[in-house]
Each structure stands twice: as C-alpha cells, then as structure tokens.
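The values are calculated or read from the model by the stated rules, or taken from the named source; none is laboratory data. These numbers were taken from a predicted model, which means no experiment stands behind them. Neighbour counts run over all protein chains shown; Cβ positions are idealised from the backbone, glycine included.
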Amino acid sequence: MATIREILTRWSLPGGNAVSVMWFDATPAVATQRTALHAFWTGVKAFQATSGSYAIDGAGREVDSATGALTGAWSEASSKTGTGTGGATQLSDADQILVQWRTTTINNGRFMRGRTFVPGVSSPQLSNGNVLAATVASIAALGTTLATSGAELQVWARPVAGSGGVVTDVSSATVWNEFAVLRQRRT
C-alpha cells in the first residue's frame, strides 16, 4: 500500500471555474509539495491572461493508491495564489495547454502518463493556430523542474474492476504544441 496525497488547484476564470487535480507521495512534507507546485504555477502564470487566477487548496485528502480508499487528510495553512501576467486577452476556454507528465513505469503494456490542462491561456501564446514554441519549451522546463524537485509528483492509475491501482513518480514533462480541450473529468 502506498498512500498518495491529492492537491487541488482551483482556477477562477471569466468563463467559469476549473480545478486541476495532482497527486503526490504522502511521505514528503505537504508544505514542500505545495511550495513546489506554487513555483510551477507561478512560472506558468506568465502565459495566462490577467483575468484568471488560481489558489492551491490548503487542505485535502490522502488515499490508498491500491484501493482508492480514503486513509486520511492533510492541511497546511500558507496561502498559495496567483494571477495571470501574460496579457489582457484570454483565448477561449476550450484552448488549453496540455502538460503531459512522463514516467518510466509500464502498466498494461503502456508507459504511464498523466495530464494537466492549463486554462486561461493569453492570446500572445497563439502562433498560427498552435502554442508558441517558446511557451511549449518554457512550460515543459517548469514541469520537469516540478517533477525533479523532491515534491514527489506522481501519476496514479486508479483501481479498475478488481485490479489494484498503480502509482509511480513523474520523471519529466512534455507539452503539446497544439491547443487541447478537456472534455470530461474523473472525480
């Protein structure tokens, strides 16, 4: 059994609210994890419109990665918030930047990968219908820094139909050069 910690980032955007769900190993101090996540979002906000903001939750849950059962809770009181600095004009809510979290673990014949969609993207990040190449490189570097920061960012394959869940550390990040759309979210 591995205990994992869920840390939510809540987005306030002109078109509505959104949530980014990320998983971390429950062993390191939650303050360290929230600080590393805040550093990631602080870097990313340079590519987001000034009309959007985020807040990293100060409390959350811990679960057993094999079963998905709730095992505990965490809390850490420091405020971790930010507002976009990338320009006044936001692209449509459907135009999001996709960060892919890479691992070296194979599960069911595939490398395990996670995803985070970055909402509230500012219009200067658009280049001929794609994400600006410099933005792709910068966000990928920020993601890899988070992955290797000691915060123990993880990808979790949830338990399905009686088979246990699998959790693994993120080793690096890549960013799609095309805009992505988040169509549904697991809860």
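At a glance:
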{"quantity": "Any hit, region 108-116, residues being surrounded by fewer than 18 Cβ atoms within 10 Å (Cβ to Cβ), at pLDDT below 95 and at positive phi", "calculated": "yes"}
{"quantity": "Residue match in region 126-146 (condition: at negative phi, touching a residue at least 12 places away in the same chain (Cβ under 8 Å), hydrophobic (A, V, I, L, M, F, W, C) and in a strand (DSSP E or B))", "calculated": "yes"}
{"quantity": "Residue satisfying all of: in region 152-175; in a loop (DSSP other than H, G, I, E, B) and either out of contact with any strand residue (DSSP E or B) (no Cβ under 8 Å at 6 or more places or on another chain) or surrounded by fewer than 17 Cβ atoms within 10 Å (Cβ to Cβ) (or both); modelled with the lowest pLDDT among these", "calculated": "G162"}
{"quantity": "Spans of strands (runs of 3 or more DSSP E) in region 1-120 with at least 1 residues without any contact (Cβ under 8 Å) to a residue 60 or more places away in the chain and closer than 19 Å to T135 by Cα", "calculated": "53-56, 81-83, 110-118"}
{"quantity": "Checklist (1) farther than 19 Å from W11 by Cα; (2) in a helix (DSSP H, G or I) applied to S149, failing item", "calculated": "(2)"}
{"quantity": "Single residue of T103, T81, T32 found to be among the β-branched types (V, I, T), more than 22 Å from G120 (Cβ to Cβ), at pLDDT 95 or above and surrounded by fewer than 19 Cβ atoms within 10 Å (Cβ to Cβ)", "calculated": "T32"}
